[in-house]
Protein chains: 2
Amino acid sequence: MTSPPSPNEQRNHRVIGVIGGMGPEATVDLMRRVIAKTPARDDQDHVHLLVESNPKIPSRVAHLIAGTGRDPTSELVRIARNLETAGADALAMPCNTAHVYARSIREAVNIPLLDMVQLTVAKLAKLNVARVGLLASSAVHQVHLYRDALAANGMESVVPKQQAQVMELIVAVKRGDIGAAAQARLGSLTADFAGEVDLQLIACSELSVIAAGVSAPFLDSLEVLADEIVAFARALPTAAMR
Amino acid sequence: MTSPPSPNEQRNHRVIGVIGGMGPEATVDLMRRVIAKTPARDDQDHVHLLVESNPKIPSRVAHLIAGTGRDPTSELVRIARNLETAGADALAMPCNTAHVYARSIREAVNIPLLDMVQLTVAKLAKLNVARVGLLASSAVHQVHLYRDALAANGMESVVPKQQAQVMELIVAVKRGDIGAAAQARLGSLTADFAGEVDLQLIACSELSVIAAGVSAPFLDSLEVLADEIVAFARALPTAAMR
């Protein structure tokens, strides 16, 4: 029943399907970044996105850390397949923690997943840094999502001393605290890294939403994904070729 | 092939399908407003949205004013049907001008369209205003989209003296000019209404994006739509009942 857009709607742009809502602020932030990065004189120059912003996807943290929550895999796979059917040429997922389930998503569809974790690690590897301050959910730390990928590229990851406070801040953003106070709080938490790391990595899309508060040099995984979406949609050289 | 979410994903929230991308900034703005209006402690409390942000939909203005552009109806209908198939319980369209084609959309699906024009006029009718300053695209003026609906409710609509400049500003937002300068420009254009109208109506979602620049009292159609989306999704009393 679902029909993809006719080719002449595309102006040669490829369609990106976004598995979103984890959380909703981060999905909106990604869309905003994609718009800002796209050179446009009118609507038609912008990137065509299919977005399922589904905040009801079972909590990744509850599943991975508490071990009590439902496994979100089946819902992520359902959304991925629906986006493919609706005409997406590639998928993107503005939630680092959800990339724990990336393999199941990849195996369920015939289109590529623009993998935020792989793209971010590839970008870091080019920056010649040794020690990376890892701002992420406790679930990401626990399953070594970035740690192992960084280690495979010769980089060491450092977890914030006040990880519990970082996690509280992530939950606060999901609740709607995205103003100056939350931004400043992230800034003060990241100050702990001073002298200990070469670069900070924002590896949680909730923290990307309040990244304006960070004064030390950082790479933002959501920004890396936004760059890749624009490049892929416009058929420009993507990260793998840059 | 498309499967709707299982009922237990919903937490009793209804799913809203958004026919978006007209322009993309306005769609993101609507999503942001929906998030801000939803009382939430965690992701799962937020509204589930299915969004096709398709900036390649043929220009409404080119079709309605220039008479040269392609008719966007078939693409709007295709998107509406896809959103219904994917599980939407209602549709919303964050573009006032596109409501010229609302009837075709309504006839193509079995779910309601939360009609931004009807909702906005109903809201105005309760505010006991006589003269409304209509900030809208020239296409909206030309087809009397708001004018006739306002007149049917005993209200007179006033078109800005500098409508050409309003239209330029709408195009500027689609190009990405959404900062302080664009906001101030909208403020100065609306100052012309002083003493001539009881209330200004922002009836173009691009202008909603820069509404912070308007100092005179106004009602924002995009805000009315966001209110309705949250109420409908949470099964609260909707505008028709309030």
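Is it the case that A:Gly67 is under 22 Å from A:Tyr146 (Cβ atoms) and free of Cβ contacts under 8 Å to residues at least 12 places away in the same chain? The answer is yes for A:Gly67. When the test is whether a residue is within 24 Å of B:Leu207 (Cβ to Cβ) and part of a helix (DSSP H, G or I), B:Ala98 passes it.
Taking B:Leu119 as the residue in question, decide whether it is touching a strand residue (DSSP E or B) at 6+ places or on another chain (Cβ under 6 Å), over 20 Å from A:Ile19 (Cβ atoms) and not in a loop (DSSP other than H, G, I, E, B). Taking the combined requirement at face value, the residue does not satisfy it. Among all residues of region B:205-215, there is at least one that is modelled with pLDDT under 95, over 21 Å from B:Leu91 (Cβ atoms) and of a type outside the set (A, V, I, L, M). Restricting region A:103-116 to residues that are among the aliphatic types (A, V, I, L, M) and not in a helix (DSSP H, G or I) leaves a set whose member that is nearest to A:Lys161 (Cα to Cα) is A:Leu114. Examine region A:185-204 for a residue that is under 29 Å from A:Ile16 (Cα atoms), charged (D, E, K, R) and either touching a Lys or Arg at 6+ places or on another chain (Cβ under 6 Å) or assigned to a loop (DSSP other than H, G, I, E, B) (or both), and state whether such a residue exists. Checked against the condition, which is being under 29 Å from A:Ile16 (Cα atoms), charged (D, E, K, R) and either touching a Lys or Arg at 6+ places or on another chain (Cβ under 6 Å) or assigned to a loop (DSSP other than H, G, I, E, B) (or both), region A:185-204 yields no hits at all. For residues that are open to solvent by less than 10 Å² (accessible area, probe 1.4 Å) and touching a helix residue (DSSP H, G or I) at 6+ places or on another chain (Cβ under 8 Å), scanning just region A:61-84, find the one that is nearest to the other protein chains (Cβ to nearest Cβ). Filtering first and then ranking leaves A:Glu75. Residues that are closer than 17 Å to B:Leu30 by Cα and part of a loop (DSSP other than H, G, I, E, B) were ranked within region B:208-238; the one that is least open to solvent (accessible area, probe 1.4 Å) is B:Ile210.
Each row is one residue, and each column tells you yes or no for (1) over 11 Å from B:Leu207 (Cβ atoms); (2) in contact with a helix residue (DSSP H, G or I) (Cβ under 6 Å, 6 or more places away or on another chain).
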| site | (1), (2) |
| --- | --- |
| B:Lys161 | yes, yes |
| B:Glu168 | yes, no |
| B:Val173 | no, yes |
| B:Ala191 | yes, no |
| B:Gly195 | yes, no |
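Let's see how each residue does on (1) buried (at least 18 other Cβ atoms within 10 Å of the Cβ); (2) within 14 Å of chain A (Cβ to nearest Cβ); (3) of a type in the set (Asp, Glu):
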position: B:Ala164; (1), (2), (3): no, no, no
position: B:Glu168; (1), (2), (3): no, yes, yes
position: B:Val173; (1), (2), (3): yes, yes, no
position: B:Ala180; (1), (2), (3): no, no, no
position: B:Ala184; (1), (2), (3): no, no, no
position: B:Gly195; (1), (2), (3): no, no, no
position: B:Gln200; (1), (2), (3): yes, no, no
position: B:Glu206; (1), (2), (3): yes, yes, yes
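Filter region A:21-49 down to the residues that are outside any helix (DSSP H, G or I) and surrounded by 24 or more Cβ atoms within 10 Å (Cβ to Cβ), then identify the one that is modelled with the lowest pLDDT. Taking the candidates together, the pick is A:Gly23. When A:Ala40 is tested against (1) touching a residue at least 12 places away in the same chain (Cβ under 8 Å); (2) touching a His at 6+ places or on another chain (Cβ under 6 Å), exactly one condition is not met: (1). Taking the criterion of being closer than 23 Å to A:Phe232 by Cβ, in a helix (DSSP H, G or I) and in contact with a Gly (Cβ under 9 Å, 6 or more places away or on another chain), the residues of region A:57-88 that qualify are A:Ile79, A:Ala80, A:Asn82, A:Leu83, A:Glu84.
Among the conditions (1) surrounded by fewer than 17 Cβ atoms within 10 Å (Cβ to Cβ); (2) away from chain B (no Cβ under 14 Å), A:His99 misses just one, which is (1).
Checked against the criterion of being open to solvent by less than 30 Å² (accessible area, probe 1.4 Å), part of a helix (DSSP H, G or I) and not small (Gly, Ala, Ser), the candidates A:Leu91, A:Leu150 yield just one match: A:Leu150.
The values are calculated or read from the model by the stated rules, or taken from the named source; none is laboratory data. Just so you know, these numbers come straight off a predicted model, no measurement behind them. Neighbour counts run over all protein chains shown; Cβ positions are idealised from the backbone, glycine included. These area figures cover heavy atoms from the full protein model, side chains too; ligands, DNA and RNA do not enter into them. Shrake-Rupley method; radii C 1.70, N 1.55, O 1.52, S 1.80 Å.
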